[in-house]
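Beneath this line is the structure, given in structure tokens, with notes to follow.
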Amino acid sequence: MELEEMQTVWSQMSDQLKQQQKLTDKIIIDMTQQKFKNRFSTLSFYEIIGAGICFAAVIFIILNLQKMNTWYLMSASILSIVSLLILPIFSLRSLFGMKNLNLTTNSYKDTLVEFIKKKKQMLLVQQLSAVFSVILIWLVTPVFTMAFNNKDFFQQEHSTGLLIFYALVTIGVLFFARWGFRCYKSITAKAEADLKELESAEL
């Protein structure tokens, strides 16, 4: 085989290797993109259910606003409505912003920067939601008490057992909120690990 023929064959083999490498990189990126989205699918499912419950509570409160016969019950109702609308909207927005992060349009560096930005936003929203969920319990309790029983929560006598029950519910909500936040942190950390797998691929 002459030198010129050898160079031609070598050039063809080199082109084929480059194409194969590009195809391999594309497969890796596509698989990582799907794995990345799947990380947040379970969270999305529960967040949508949670949002549905919040919106149903808003409708219930609105339908019973006429029962709120004092300024503090009306204030609690309005604050509850606002909280129950804003919290799930912000939570879903940050979650879907992360879930729909496109790993193929930008370079690895730009994608990582965008991921870190969305990660901070999402975890901040979850931290705020954890705090507000405890406050929200004490906002909706008097509203629901009036709506269901036509009794003013603040003017009732509460037994020690009932007060302990309220305290335990508050602690339970706090622990549940912390558990949810840890789930978000864990899944986000795994998604970041998935993203770092792309460092070796050509974006």
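Laboratory data are not the source of any read-out in this text; all were calculated from the coordinates shown. Every value quoted in this text rests on a predicted model; they were computed, and no experiment measured them. Cβ atoms come from the backbone with ideal geometry, glycine included; neighbour counts cover every protein chain shown.
Figure legend: label point modelled 7 angstrom from the Cα of PHE154 along Cα→Cβ; residues of the range 54-76 with amide N under 12 Å from it are 69-76.
On full extension, the segment bounded by PHE165 and LEU128 gains 10.9 nm, given 0.36 nm per residue less the C-alpha separation. A protection proxy built from the mean count of other Cβ atoms within 10 Å ranks the segments 155-164, 101-110, most packed first, as 101-110, 155-164. Restricting attention to the range 40-200, lysine pairs at least eight places apart or on different chains and with alpha-carbon atoms under 23 angstrom apart total 29.
State the extension gain, in nm to one decimal, for the chain segment bounded by LEU174 and THR105, taking 0.36 nm per residue of separation less the distance between their alpha-carbons.
Contour length minus Cα-Cα distance gives 20.9 nm.
Relative to the Cα centre, the charge distribution of the range 40-200, modelled as +1 at Lys and Arg Cβ and -1 at Asp and Glu Cβ, gives a dipole magnitude of about 180 debye. Across the range 138-147, coupling constants 3J(HN,Hα) worked out from phi with the 6.51/-1.76/1.60 Karplus curve, θ = phi - 60°, read 7, 7, 7, 4, x, 5, 6, 4, 5, 5 Hz, and Gly and Pro carry x. If the chain linking ILE48 and GLU197 were pulled fully straight, counting 0.36 nm for each residue of separation and taking away their Cα-Cα distance, it would gain 50.7 nm.
Computing Rg and the Kirkwood Rh from the Cα coordinates of the range 147-193 gives a ratio, Rg/Rh, of 1.32. Rounded, prolate or oblate: which fits the range 40-200, taking a ≥ b ≥ c as square roots of the Cα gyration tensor eigenvalues, rounded meaning a/c under 1.5, else prolate when a/b beats b/c? Judged from the Cα gyration tensor, the range 40-200 comes out prolate (a/c at least 1.5, a/b above b/c).
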